Amino acid sequence: MGHPTFYRTAQIDGLTIFYREAGARDAPTLVLLHGLASSSRMFEPLFARLSDHCHLVAPDYPGFGHSDWPDPQKFAYTFDHLAEIINRFTEALGLSRYTLCMQDYGGPVGFRMALAHPERIEGLIVQNAVAHNEGLGAIWKPRRAFWADRATNESTLRTNLPSLATTRTRHVGNDPKVERYDPDLWTDEFAFLSQPGQADIQSDLFYDYRTNVDVYSTWQAWMTEKRPRLQVIWGKHDPSFDLSEPEAYRRDVPNAQVHVLDAGHFALDTAADEIAELVRGFLSS
């Protein structure tokens, strides 16, 4: 029987950071970092399946979920800043050693955390998060144009990124078995993205995504040198990230565990049992 999940907050740099926590604190700790436009809620399937095996902690970033949404005029929505906040969050909870589970935006947050404090990292679990330029597929061409000329392309981004159709596509992707997906997944996220202030927050953060591409080589060099324990779990129906990306990780860390699943960008949507078993094996190995 699993442990109950607790829904808590911590005060970090004057912000209320919401997080989910379950499992015994003396068990291996798994810090779960969510993607766009989700929150710690996306990891509920793992909480239900792994709390008997490990200590799970999943925060919402500032601007997401139930954490504070500070005004972008007063708070820098950058991946550097999010990583600083979440690093301080782990310190506030007394987490000195943990495995990072990083999905989508969780990759740029988590790699920054790992390079800032490599002594804390017991392993990395990457689920559809990119660390190589070639991993950004053709869909990123207009997004790169936004990075190159924000003023000209911002209105297009603000129309497309938070739309209901795009939010659905982030989940379903090109999976032909659409009946496997609960539509609440994208309608809930669309409601979140439609809240006042979210367009400014998400636009700022997406513009900062270009800084991730600039430091991909740094992350790759760190993996090549340190050879961290690495598991890559990849939903193959992801339209945003290229299917070559899992093997790119294996080039950096030859002994990485790489698993390509019949799932989408948010692989937990449809493959929670399989992913839980893979994670359980990785933490036990």
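The values are calculated or read from the model by the stated rules, or taken from the named source; none is laboratory data. The structure displayed is predicted, hence computed values, not measured ones. All Cβ positions, glycine included, derive from the backbone under ideal geometry; neighbour counts span all protein chains shown.
Restricting attention to the stretch 218-248, the residues being of a type in the set (Ser, Thr, Tyr), surrounded by 14 or more Cβ atoms within 10 Å (Cβ to Cβ) and closer than 21 Å to Tyr98 by Cα number 0.
Between Leu33, Leu82, Leu136, Leu115, the distinction of being closer than 22 Å to Ser285 by Cβ and either without any contact (Cβ under 8 Å) to a residue 12 or more places away in the chain or of a type in the set (A, V, I, L, M) (or both) belongs to Leu33 only. Filtering the stretch 240-259 down to residues that are at pLDDT 95 or above and touching a Gly at 6+ places or on another chain (Cβ under 8 Å), which residue is farthest from Asn160 (Cα to Cα)? By that ranking, first place goes to Ala248. Applying the criterion of being among the charged types (D, E, K, R) and either assigned to a loop (DSSP other than H, G, I, E, B) or out of contact with any Lys or Arg (no Cβ under 9 Å at 6 or more places or on another chain) (or both) to the residues of the stretch 52-81, the residue that is nearest to Leu32 (Cα to Cα) is Asp60. From the list Arg251, Arg168, the lone residue that is outside any loop (DSSP other than H, G, I, E, B), surrounded by 13 or more Cβ atoms within 10 Å (Cβ to Cβ) and not aromatic (Phe, Trp, Tyr) is Arg168. Look at the stretch 142-165: where a residue is over 18 Å from Arg210 (Cα atoms) and a partner is among the small types (Gly, Ala, Ser) and surrounded by 13 or more Cβ atoms within 10 Å (Cβ to Cβ), sitting 6+ places away or on another chain with Cβ atoms under 8 Å, you get Pro162/Ala37; Pro162/Ser194; Pro162/Ala199.
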